[in-house]
1. By how many degrees, 0 to 90 and rounded to 10, does the Cα axis of helix 235-260 deviate from the longest principal axis of the chain?
2. Can you put ARG351, ARG70 in order of Cβ neighbours within 10 angstrom, beginning with the fewest?
3. Report the relative contact order of the chain, percent, no decimals, based on alpha-carbon pairs under 8 angstrom and at least 6 residues apart.
4. Would you mind pulling out the separation of the Cα centroids of segment 216-264 and segment 51-67, in Å?
5. For THR155 and LEU222, what is the calculated FRET efficiency with R₀ set at 35 Å and r taken between the beta-carbons, to the nearest 0.05?
6. Mind giving me the FRET efficiency for THR118 and ALA207? R0 is 56 Å, r the Cβ-Cβ distance, nearest 0.05 is fine.
7. Could you line up TYR314, TYR284, TYR107, TYR49 from fewest to most neighbouring Cβ atoms inside 10 Å?
8. Run through every distinct alpha carbon pair of segment 61-156 and return the Kirkwood hydrodynamic radius in angstroms, one decimal place.
Amino acid sequence: MSSEEHRAGESLGVRAEPTGNREFRRATVRGAALLFGTLVLATAFIAAYAGALHKPTPRDVPVGVVRDDRAARELTDTVVTRTDQITTFQYADRAAADAALTDRAVYAVLTSNPPDGTPGFTLTTASAAGPIAADLVDQVIGTAAQRAQLPLTVTDRVPVSPDDPRGLVPFYLAIGLVLGGYLGSAVLGISIGTTPATTRRAGLRVAAFAGYAALLGLAGALVTGPLLGVWQTRFASVFAANVLIVFAAATAAAAVQAWLGLLGTGLVILLLVVIGNPGSGGIYPPEFLPGFFAGMHRWNLPGLATDLIKSVAYFQPRAAGWPLVWLAVWALVGLLALFAATVLSRRRADRRVR
């Protein structure tokens with residue numbers, strides 16, 4: 001092979017094995033270590049998905065009641081004494097309970113019918129927050145009302161899109177955006193190095209992440225909006241949420257890789273993919289997941305991304321508060337860590353030159 005062909009092959013990622021015995025042994029040891037690391041990640045992937053999703057068991061699914069609504073409180077109290085599948089939160093009045101529903105604090109609100117001579121209850125749900133959770137509350141409360149021989153009327157205040165009856169599109173969109181952000185960072189790390197040489201180049205890398213996030217965010221909004229018609233409105237809100245998700249994932253991954261190199265790549269895969277996806281609350285609501293995974297959506301990128309997309313696509317702006325703030329924190333911490341790694345690497349290089 002000529003030198004020109006060799007350089008062309010390397011530019012495409014094609015690289016021949018070392019020809020010397022010593023170099024080959026070193027490469028073999030390194031390859032064995034990487035293969036073992038891949039084995040660990042793959043095993044963790046299997047364990048995380050199987051462990052989190054093999055037997056979803058609902059616990060403490062939140063339902064709201066009005067404090068002065070004695071009949072509704074008595075019915076939910078009866079349910080809570082028989083099962084731990086739901087838990088109740090009391091609110092001062094109907095307006096506060098309805099606000100909790102649209103803020104995604106509860107999956108449903110139970111009220112007794114007005115004292116007009118007609119006994120019974122009304123269950124107001126928000127299936128967009130989680131169709132499985134809303135169905136569970138409907139079944140549990142419906143069974144209790146049937147035992148009490150009282151009618152139950154169910155209304156869906158915030159319904160899931162008819163083009164996404166299982167409510168999985170926010171999860172798949174979030175995973176695609178997070179994975180896209182990580183892959184964008186990894187591609188730049190592989191092609192030009194995991195740690196920028198100067199703060200100016202770190203700034204250029206961040207600018208590249210921002211442009212990439214805008215393009216991928218737009219693509220995601222177009223696919224789920226005009227192309228598939230899952231959401232017919234709130235295009236701008238979904239687009240903005242998508243951009244933040246991609247940018248946060250890219251900067252966080254770049255920061256970890258800048259400090260830890262190849263080990264950082266494995267750590268990012270573990271955090272964002274291996275345990276992040278099953279713990280996101282996208283396939284099953286968090287209340288259906290076992291211990292460690294149940295609270296993960298509150299801090300890990302895939303869970304925050306799924307919550308943000310659900311909130312901006314279906315609910316009031318207040319519902320987006322938590323995931324919006326913490327995704328911004330992820331992005332900010334990633335930026336600071338990336339620039340810190342750049343400055344430290346530059347100082348080390350300067351000392352070696354001296």
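1. 40
2. Working: ARG351 8, ARG70 11.
Least crowded to most crowded, the residues run ARG351, ARG70.
3. Values: 537 pairs, mean separation 62.4, N = 354.
Taking the mean separation of contacting Cα pairs over the length of the chain, I get 18 percent.
4. For segment 216-264 versus segment 51-67, the Cα centre distance is 28 Å.
5. Details: r = 33 Å, r/R0 = 0.93.
Result of the calculation: an efficiency of 0.60.
6. On the way: r = 63 Å, r/R0 = 1.13.
With R0 = 56 Å, the Cβ-Cβ based efficiency is 0.35.
7. Values: TYR314 23, TYR284 20, TYR107 27, TYR49 15.
Arranged by neighbour count, lowest to highest, TYR314, TYR284, TYR107, TYR49 become TYR49, TYR284, TYR314, TYR107.
8. Working: mean 1/r = 0.0772 Å⁻¹.
Computed over segment 61-156, the radius equals 12.9 Å.
The numbers here are math on the coordinates, done by the rules we state, and not lab data. Owing to the predicted nature of the structure, the values given are computational and were not obtained by experimental measurement. Because the Cβ atoms are built from the backbone with ideal geometry, glycine has one as well, and the counts that use them run over all protein chains shown.
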